[in-house]
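The values are calculated or read from the model by the stated rules, or taken from the named source; none is laboratory data. Bear in mind that the values here come from a model prediction, so they are computed numbers and not experimental data. As a convention, Cβ positions derive from the backbone with ideal geometry for all residues, glycine included, and neighbour counts pool all protein chains shown. Heavy atoms of the whole protein, side chains included, go into the accessibility calculation; ligands, DNA and RNA do not. Shrake-Rupley method; radii C 1.70, N 1.55, O 1.52, S 1.80 Å.
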Amino acid sequence: MTNPVLAEVLRGDQVESRHRGSVVVCDASGGKIMALGDVETPIFPRSAVKSIQALPFVESGAADAYGFGNRELALACASHNGEPEHAALAQSMLERAGLSEANMECGTHWPSRQQASLDLAASGKKPNQLHNNCSGKHSGFLCTCVHEGIDPTGYVTAEHRLQEMVRDAMESVTGAKHDPAHRGTDGCSIPTYAVPLESLALGFASMATGEGLGPQRASAAKRLFTACMAEPFLVAGTDRADTALMQAGTGRIMVKIGAEGVFCGAIPELGIGFALKCDDGAARAAEAIVARLLEMLLRGDEDLAPKLKAMANPVFKNWNGITVGGIRTPEAFQ
């Protein structure tokens, strides 16, 4: 199957580039409300499923044992910019469990936000693992290990008890088998599993509604979604699509990006979850597509829909501030 064109990049009035992809919207029973393209072939969701991966952090009692609230729960689901607020909160989480950056196994990179990197370099400092965009998730992992009495060494490996807990949660929520044949290694070194897009949409609908989940898991899912929607800056950061969309939604939209053009999310009030994949992995296209999808699903909201429409149709300007083009979603995505 050839996936439809879901986003077009314009130079003037002419189409300069096209981005194909697939989208699916499901309810918590697995019913497809909308499907475009191939939604059955397994894809790697990457960081889009961090809220599901964070379930053991809450279910184990670790989050409550260390006195964590919405801020820490949101960071545990984050792919953040590595801004000072992000790094400091990750450090605070580790310290509550008697750990430090040295216990992390996610690796080091410069902050994703350029200004944060420039400020760090100007201060004469170098980045550490706290600046890794996944440091919040790894802080949650480590806190879970300490609380459960599990040796955290090697916690990123597929055979570690912590990753078994994460995998069990992923299988339970999405209904998809997470097996070695579909396993890869994510950028932060934990296992990532390729599953159908429709399974991811079902999983996010289940997280949003609690349907099909036990009482403890449903409560944990609600807490994690609520935290992300309450603290969108901590989920991503300055000038990030996740943050902007959840800020616009004011507690009504949960959305999370994954690498290589993936987005997953939910609209709890409608009881639906969604997942999308841009074939070429382009973030610029995926961001426009997810905004267009949300605009379509919430088109009856006279205040929110226009904000989402603007995000779905960004305008490009050159270095002189002259408008040179933009992105639009074609008729296939209606």
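Some observations on this one:
- Cβ-based charge dipole, the chain, positive-most Cα from Y66, A102, S123: S123
- Its alpha carbons considered, the stretch 50-89 gives a radius of gyration followed by a Dmax of 10.5, 29 Å.
- Per residue value of the accessible surface for the stretch 223-334 (all protein chains in place, 1.4 Å probe), Å²: 41
- Axis angle, to the nearest 10 degrees, between helix 283-297 and the longest C-alpha principal axis of the chain: 80 degrees.
- Square roots of 5 times each gyration tensor eigenvalue, C-alpha, the stretch 64-117, largest first, Å: 20, 14, 9
- Added length on full extension, which subtracts the Cα-Cα distance from 0.36 nm per residue, A283 to I322: 11.7 nm
- Ranked order, T329, T153, T226 - accessible area, probe 1.4 Å, largest first: T153, T226, T329
- Hits among aspartates and glutamates - C-alpha to C-alpha of K126 under 15 Å, sequence gap 8 or more where chains match: E83, E101
- The stretch 26-61 residues near the modelled S219 label - backbone nitrogen below 16 Å, point 7 Å along Cα→Cβ: 55-61
- Nearest-ten-degree value, helix 197-209 long axis tilted from longest Cα axis of the chain: 70
- Charge tally for K137 (other residues, Cβ to Cβ under 11 Å; Lys, Arg +1; Asp, Glu -1): 0.
- Two-decimal Rg/Rh across the stretch 279-334, once Rg and the Kirkwood Rh are taken from alpha-carbon atoms: 1.03
- When each of the peptides 274-281, 214-221 is scored by the mean number of other C-beta atoms lying within 10 Å of its residues, the order from highest to lowest reads 274-281, 214-221.
- Net charge in the neighbourhood of A176 (other residues with Cβ under 13 Å of its Cβ; Lys, Arg +1, Asp, Glu -1) is -2.
- Local electrostatic count at L304 - Lys and Arg +1, Asp and Glu -1, tallied over other residues with Cβ under 15 Å: 0
- Residue ranking by accessible heavy-atom surface, 1.4 Å probe, largest first, among Y155, Y193 comes out as Y193, Y155.
- For the stretch 114-206, the per residue solvent-accessible surface stands at 39 Å², with DNA, RNA and ligands left out and a 1.4 Å probe.
- Each Lys and Arg contributes +1 and each Asp and Glu -1, all at the Cβ; summed about the Cα centre of the stretch 108-160, the dipole is approximately 340 debye.
- Free-standing Cys residues across the chain, given no other cysteine C-beta under 4.7 angstrom: C26, C77, C143, C145, C228, C264, C278
- In this rough spin-label picture, where each label sits 7 Å from Cα along the Cβ direction, the E40-T226 distance is 3.9 nm.
- Diffusion constant of the stretch 99-187 at 20 °C, which comes from Stokes-Einstein with the Kirkwood Cα-pair radius and 1.002 mPa s, µm²/s: 145
- Centre-to-centre separation between the Cα atoms of the stretch 63-110 and those of the stretch 204-218: 25 Å.
- Inter-label distance, S17 to V315: 2.1 nm, where each label sits 7 Å from its Cα along the C-beta direction.
- Calculated FRET efficiency for the pair S92/I150, C-beta based, R₀ 35 Å, to 0.05: 0.95
- Across the protein chains, with a 1.4 Å probe defining accessible surface, the residues M296, M311, M1 rank M1, M311, M296 from largest area downward.
- Using Cβ point charges alone (K and R +1, D and E -1), the dipole size of the stretch 63-148 about the Cα centre works out to roughly 220 debye.
- Working from label points 7 Å from Cα in the Cα-to-Cβ sense, the R161 to A305 distance is 5.3 nm.
- 3J(HN,Hα) along the stretch 216-227: 5, 5, 4, 5, 5, 4, 4, 4, 5, 5, 4, 5 Hz, from the Karplus curve 6.51 cos²θ - 1.76 cosθ + 1.60 with θ = phi - 60°, whole Hz, x for Gly and Pro.
- Rounded to whole Å, sorted largest first: equivalent-ellipsoid semi-axes of the stretch 5-133, Cα gyration tensor: 34, 25, 11
- Euclidean distance of C-alpha centroids, the stretch 167-194 and the stretch 292-334, integer Å: 33
- Of K32/K317; K222/K307; K177/K307; K177/K256; K177/K309, pairs whose Cα-Cα distance is over 29 Å: K32/K317; K177/K307; K177/K309
- FRET efficiency for S100 and D168, using Cβ-Cβ distance with R0 set to 25 Å, rounded to 0.05: 0.30
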